[in-house]
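Below: one structure, written as structure tokens.
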Amino acid sequence: MNKQSAKIRLQGDETLTVNRREQILEAAVIVFAEYGYYRATTAQVAEKVGISQPYIFKLFKNKEELFLAALERAFERILRTFAGFRAPKKQMLAEAIQLYEQLMETYPNELILQVQASGIRDEAIRQAMQAGMQEVTGLMESKFTAAGFAHPEVKVSTFLANSMLCNMALTLGMPELKPKRK
């Protein structure tokens, strides 16, 4: 095999690994959301993907690392969703909450994962939750600041409170808890 063929093969393997990693993360989000961190197993994740359990450990050191990667993915989705968010100042808070509700409907397992993670006292998971929440808070504060609000931190606090209410409504299966609008 010449060097060119080896390089092409390596790139193909990397693509396969990236795709497999995404499949595993997608399955992990579903399994963790359904069973919770403590009851979910990497065997369940592997079964959902259709791979052997040892393959998961080629990409993730342990269950905690897999959970952290799935949690990071959930926060990245929120950040990507709100990165391009713009709305007229008068409707900004209401539209931000509405956009979060759309996330809740489209990616419910990722939000359930965050709710579960907030109750886990493992230090690495707690730090990941703190980092994710700080990023979301910072992004939303920059949005409300750019819109010209005198006290953007108050709008961020209201947005986060409503987002957490959405998460609880979703997790408990109680849509009547979702934020009310005029």
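Identify all residues within the range 98-112 that are among the β-branched types (Val, Ile, Thr) and touching a Leu at 6+ places or on another chain (Cβ under 9 Å); write none if there are none. Give the derivation first.
Taking the range 98-112 and keeping what is among the β-branched types (Val, Ile, Thr), we get 106, 112.
Hit for the range 98-112 is 112, nothing else.
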Seminar exercise, completed: Flagged in the range 163-182 as surrounded by 12 or more Cβ atoms within 10 Å (Cβ to Cβ) and either over 17 Å from the mean Cα position of the chain (by Cα) or among the aliphatic types (A, V, I, L, M) (or both), in numbering order, are 164, 165, 168, 169, 170, 177, 178, 179
Exercise. Quick one: how many residues across the range 78-89 are touching a Leu at 6+ places or on another chain (Cβ under 9 Å) and closer than 13 Å to residue 135 by Cβ?
Worked result: 5
For this session: Report, by residue number, each residue of the range 83-119 that is touching a Lys or Arg at 6+ places or on another chain (Cβ under 7 Å) and in contact (Cβ under 8 Å) with a residue 40 or more places away in the chain.
Result: 85, 93, 94, 101, 110
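Yes/no matrix, rows are residues, columns are (1) closer than 20 Å to residue 93 by Cβ; (2) of a type in the set (Val, Ile, Thr); (3) at pLDDT 95 or above:
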site	(1), (2), (3)
111	yes, no, yes
115	no, yes, yes
125	no, yes, yes
131	no, no, yes
140	yes, no, yes
146	yes, no, yes
149	yes, no, yes
175	no, no, no
For this session: Would you be able to say whether some residue in the range 62-70 is among the acidic types (Asp, Glu), in contact (Cβ under 8 Å) with a residue 24 or more places away in the chain and open to solvent by less than 70 Å² (accessible area, probe 1.4 Å)?
Result: yes
Problem set entry | the range 80-126, residues that are of a type in the set (Val, Ile, Thr), open to solvent by less than 50 Å² (accessible area, probe 1.4 Å) and over 19 Å from residue 139 (Cα atoms) | 112, 115, 120, 125
For this session: Report the residue count in the range 57-77 for those that are within 16 Å of residue 132 (Cα to Cα) and out of contact with any Phe, Trp or Tyr (no Cβ under 8 Å at 6 or more places or on another chain).
Result: 7
For this session: Within the range 1-57, count every residue that is open to solvent by 100 Å² or more (accessible area, probe 1.4 Å) and either at pLDDT 95 or above or basic (Lys, Arg) (or both).
Result: 9
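The values are calculated or read from the model by the stated rules, or taken from the named source; none is laboratory data. Just so you know, these numbers come straight off a predicted model, no measurement behind them. A quick note on method: Cβ atoms are made from the backbone with ideal geometry, for glycine too, and the neighbour counts reach across all protein chains shown. Areas reflect the complete protein model, heavy atoms only, side chains present, ligands, DNA and RNA absent. Shrake-Rupley method; radii C 1.70, N 1.55, O 1.52, S 1.80 Å.
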